[in-house]
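Before any comments, here is the structure.
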Amino acid sequence: MNMEFKRKLPIPMDIKAQYPFTPELEAIKVKRDEEIKAIFEGRNQRFILIIGPCSADKDDSVLDYISRLREVQDKVSDKILIIPRIYTNKPRTTGDGYKGMLHQPDPNKGEDMLKGVVAIRNLHIRAIKETGFTCADEMLYPENYRYLSDILSYVAIGARSVENQKHRLTSSGLDIPVGMKNPTAGDISVMMNSITAAQHSHTFIYRGWEVESKGNPLAHAILRGYVNKHGQSMPNYHYEDLIHLAETYEKSGLLNPAVIIDTNHANSGKKWAEQPRIAKEVLHSCRHSDDVKKIVKGLMIESYIEDGAQKPEEGIYGKSITDPCLGWEKTERLIYDLAEVL
């Protein structure tokens, strides 16, 4: 094989024992999980915002950002439930570039995945301790999910992973909401097949074990736009797209029909400043159609302290080093604007 086996990483059980999730924190997660589940099951009408940096890079700025969200959440809690994004694994289109805190706990130093495993667990635990927020992460590597399985309240499956069998089967064994993004080419049948697979039970190999999953009734869609054959970004958040998805769900027989609209990526053409406009258009569509309102459970927004993006070596505090994000001032205004019309 053309690879070097550098070292064997500790199994998740050992990492969890070294960096424990206390009963007090577990109680916070149980309460949060029930609140989120109630929204996806239609028992609570609050609107979900899955919001935060494109990728978590530095503990201090990420926790600063989430602490600001905490203050806003307390003011809009009757209308909105915030799930901060702490995305510690970053898929790369070509495989090059910063791959997230799991790979590089310090983006200005080399890769160290042992330190990375510890760093991402500590960051998620600190977020709960310091803000009371349980958070969302992307499941880039299905087998690594176990390092955070006791902590997370939401998982996303990316556009490049949604057709992968291991991601689908692992999602079927989770007991929290899993959002399946439409693939980069835009075929929503791929996304719907992934949701179907995740809602069913399966027997498969996971971390060297033969396991049986029970099926995840909270698996749902995420619309993030797509890229056409000419490489151009195309949106799929418009009213007609949402009506089509509602009709597709109606025919599918899937449990808990739901969609989260990603306001960035191909939906915005990676024009981060378009996110408030897109968010408000989605809410307008919800007001125009009960069928759309029924399935749209919330938005996914890429946001950080500073507008835009930078190269890692620039070192600007709270500015994304991957996709450009909406800055804090605009983010805060957007959340309050959304709460006013919900």
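Computed from the coordinates by the stated procedures, all read-outs in this text should not be read as laboratory data. It should be emphasised that the depicted structure is a prediction, and the values quoted were computed from it without experimental measurement. Backbone-built Cβ (ideal geometry, glycine too); neighbour counts: all protein chains shown.
For residue 172, work out the one condition from (1) buried (at least 20 other Cβ atoms within 10 Å of the Cβ); (2) closer than 23 Å to residue 10 by Cα; (3) among the hydroxyl-bearing types (Ser, Thr, Tyr) it doesn't fulfil.
For residue 172, the failing item is (2).
Within the group 258, 273, 246, which residue is among the small types (Gly, Ala, Ser) and buried (at least 23 other Cβ atoms within 10 Å of the Cβ)? If you could, list the steps in order and put the result at the bottom.
Values: 273 fails: buried (at least 23 other Cβ atoms within 10 Å of the Cβ); 246 fails: buried (at least 23 other Cβ atoms within 10 Å of the Cβ).
Being among the small types (Gly, Ala, Ser) and buried (at least 23 other Cβ atoms within 10 Å of the Cβ) holds for just one of 258, 273, 246, which is 258.
Those residues that are in contact (Cβ under 8 Å) with a residue 12 or more places away in the chain, in a helix (DSSP H, G or I) and among the charged types (D, E, K, R), I need them from the range 266-286; list them, please.
Scanning the range 266-286 gives 280, 281.
Take residue 50 and decide whether it is of a type in the set (A, V, I, L, M), in contact with a Lys or Arg (Cβ under 8 Å, 6 or more places away or on another chain) and either part of a strand (DSSP E or B) or on the phi > 0 side of the Ramachandran plot (or both).
The answer is yes for residue 50.
Have a look at 236, 228 and point out the one that is among the polar types (S, T, N, Q) and either within 18 Å of residue 278 (Cβ to Cβ) or out of contact with any strand residue (DSSP E or B) (no Cβ under 6 Å at 6 or more places or on another chain) (or both).
Going through 236, 228 in turn, just one is among the polar types (S, T, N, Q) and either within 18 Å of residue 278 (Cβ to Cβ) or out of contact with any strand residue (DSSP E or B) (no Cβ under 6 Å at 6 or more places or on another chain) (or both): 236.
Run down 303, 268 and say which single residue is surrounded by 15 or more Cβ atoms within 10 Å (Cβ to Cβ), hydroxyl-bearing (Ser, Thr, Tyr), in contact with a Leu (Cβ under 7 Å, 6 or more places away or on another chain) and more than 23 Å from residue 42 (Cβ to Cβ).
Answer to the check: 303.
Working only within the range 191-225, note down all residues that are within 26 Å of residue 279 (Cβ to Cβ) and either exposed (fewer than 15 other Cβ atoms within 10 Å of the Cβ) or touching an Asp or Glu at 6+ places or on another chain (Cβ under 6 Å) (or both).
222, 224, listed by residue number.
Quick one: would you say residue 33 is in contact (Cβ under 8 Å) with a residue 40 or more places away in the chain, farther than 24 Å from residue 282 by Cβ and part of a helix (DSSP H, G or I)?
Yes.
For the subset of the range 208-251 comprising residues that are in contact (Cβ under 8 Å) with a residue 40 or more places away in the chain and of a type in the set (Val, Ile, Thr), which member is nearest to residue 146 (Cα to Cα)?
Taking the candidates together, the pick is 222.
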